[in-house]
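Undergrad: Handing you this structure, nothing more for now.
The values are calculated or read from the model by the stated rules, or taken from the named source; none is laboratory data. Since the model is a prediction, treat every value here as computed from it, not as a measurement. Cβ coordinates were reconstructed from backbone atoms using ideal geometry, including for glycine residues, and neighbour counts include every protein chain displayed.
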Amino acid sequence: MSDLREAAMAVRMNAHAPYSNFKVGAALRGASGTIYRGCNVENVAYPEGTCAEAGAIAAMVAAGETSFTEGYVVAGSPLPVTPCGGCRQKLAEFGAGDVVVTMATVEGVEEAMSISALLPGAFDSSFLGR
Ligand code: THU
């Protein structure tokens, strides 16, 4: 098992998902090589819940890193879990277009996609120029 998969599988066990019963784990390899993890954290006020990817990004930024070179997301879904639209935009903030995110099932089925394939036509800082 790759170190990223191992990290994502382990943190998934800590997911707080009593409402969906859908536990997700995410792991990002920061540019330094350090692995950051996140799990989904749901809330009784449903919109206040956060995705696993957002948790991993928050851990990375809190540790002082702002870019990652590889990502891994795992869930107990029948097919490899794909990040939601909001998380694709969040991942694109810190990962270059050619950075690969591997999506996986608990059983080990994997599908890999680049960030630019996950978010074609991304809104990026170039649009902010006037
Ligand atoms: N979820 C994630 O954490 N990441 C994904 O990529 C897909 C969905 C979470 C949000 C919610 O807690 C649960 O999965 C069901 O949507």
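Undergrad: Return the residues of the stretch 83-130 that are of a type in the set (S, T, N, Q) and at pLDDT 95 or above; say none if nothing qualifies.
TA: Correct list: Q89, T102, T105, S114, S116.
Undergrad: Could you give me the residue pairs with C-beta distances under 9 Å whose first residue belongs to the stretch 57-83 and is charged (D, E, K, R), whose second residue is assigned to a loop (DSSP other than H, G, I, E, B) wherever it lies, and which are 6+ apart or on separate chains?
TA: Within 9 Å, the pairs are E65/A31; E65/S32; E65/T34; E70/G95; E70/V99.
Undergrad: So in the stretch 1-20, with the set limited to residues that are of a type in the set (A, V, I, L, M) and outside any loop (DSSP other than H, G, I, E, B), which one is surrounded by the fewest Cβ atoms within 10 Å (Cβ to Cβ)?
TA: Ranking the qualifying residues of the stretch 1-20, first place goes to A10.
Undergrad: What about V44, is it aliphatic (A, V, I, L, M) and either at pLDDT below 95 or within 14 Å of T102 (Cα to Cα) (or both)?
TA: Criteria not met by V44.
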